[in-house]
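Below you'll find the structure, written out as structure tokens, and then a few comments.
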Amino acid sequence: MVLEAVMIVVDNSESSRNGDYAPTRFEAQCDAINILFQNVIQGNPESSVGLMSMGGKGPEVLATLTVDQGKILEGLHRTKKNIRGSAHLATGVQVAHLALKHRQNKSQRARIVVFVCSPIEDVESDLVKLAKKMKKANTSVDFVLFGDIDEDNTQKLKAFNDQVKGSGEGSHLEIIPPSSKLLSDQLLATPILLGENAGAGGAGGGASAADEFEFGVDPSQDPELALALRMSMEEEKARQERAARAEAEAAGQNTLETVKEENESTPLLGKDGEPSGNKKDDDKMDTS
């Protein structure tokens, strides 16, 4: 998997108190961020994740790049008590980019994931300039737009995405409307978590589910079943590997036991485990 350094930007503006995403927009973000953290670290243990907020008086770095999920949880807990004001999207992206520039492992791919659930006050032209800067710095920017999915927000983020997205991987815009499903569950089926090969099943409709999705299950429809099937497959693969190793070791041991020394007509040990050969000769006393 890709070695990357990811800065996650959480929207803790006043709009994040809204309950159209269960239980609230902010809590929905927290669940999604935990899954995103696990996805990055499990994909490559040498990757790292940081956290920052962009609401209130201005952006704030809550956790520098780390592999400790506890620091991410602590940052989210502190931010829950600081939900206020409006979101500062452009400034938040710039601060996240600055944090990534100071990453210790420069071989990590720089990536920013921004959750947006409030009106975007930044001017579109300024966002386009920022997007060009991110592209020049080889930093991918993913947006998760939910909550305030109006034409203005969508247009601004689409303009940003069109500029920052290059020919390589990364830089996705995912729009997730309210539904009975959790935000984190819907995020599971997006390229932000699954990579560039995700989302093929959403287009068209002529192919069967088995062709579109792994194991024939749509993760967005039943994420728990998809995860259980994947874990079951990995466990079965590990079991088969253990059985093959045990069989190979047993075959090698049997081969060693049946090998006779040169010019040896009988095994060294009898079937009772005693030395073979002429037992009477062993019992004779030397009278000479």
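The values are calculated or read from the model by the stated rules, or taken from the named source; none is laboratory data. Keep in mind it's a predicted model, so treat the numbers as computed, not measured. All Cβ positions, even for glycine, are placed from backbone atoms using ideal geometry, and neighbour counts span all protein chains on display. What goes into the accessible areas is simple: the full protein's heavy atoms, side chains included, and nothing from ligands, DNA or RNA. Shrake-Rupley method; radii C 1.70, N 1.55, O 1.52, S 1.80 Å.
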Single residue of 72, 120, 83, 149 found to be modelled with pLDDT of 95 or more, closer than 25 Å to residue 28 by Cβ and out of contact with any Gly (no Cβ under 9 Å at 6 or more places or on another chain): 120
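From the set of residues in the range 46-71 that are part of a loop (DSSP other than H, G, I, E, B) and farther than 12 Å from residue 91 by Cβ, which is most open to solvent (accessible area, probe 1.4 Å)?
Let us first name the residues in the range 46-71 that are part of a loop (DSSP other than H, G, I, E, B), namely 46-47, 54-55, 57-59, 67-68.
From what's left, farther than 12 Å from residue 91 by Cβ: 46-47, 67-68.
On the way: 46: 124, 47: 0, 67: 89, 68: 72 Å².
Step by step, filter the range 46-71, then rank; the result is 46.
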In this structure, is residue 126 modelled with pLDDT of 95 or more, charged (D, E, K, R), buried (at least 21 other Cβ atoms within 10 Å of the Cβ) and under 19 Å from residue 59 (Cα atoms)? no
Which ones in the range 131-148 are surrounded by fewer than 15 Cβ atoms within 10 Å (Cβ to Cβ) and more than 17 Å from residue 92 (Cα to Cα)? 136, 138
Looking only at residues in the range 152-178 that are small (Gly, Ala, Ser) and either assigned to a strand (DSSP E or B) or farther than 21 Å from residue 119 by Cβ (or both), which one is modelled with the highest pLDDT? 171
Filter result (open to solvent by less than 50 Å² (accessible area, probe 1.4 Å), touching a residue at least 40 places away in the same chain (Cβ under 8 Å) and part of a helix (DSSP H, G or I)) within the range 73-88: 76, 79
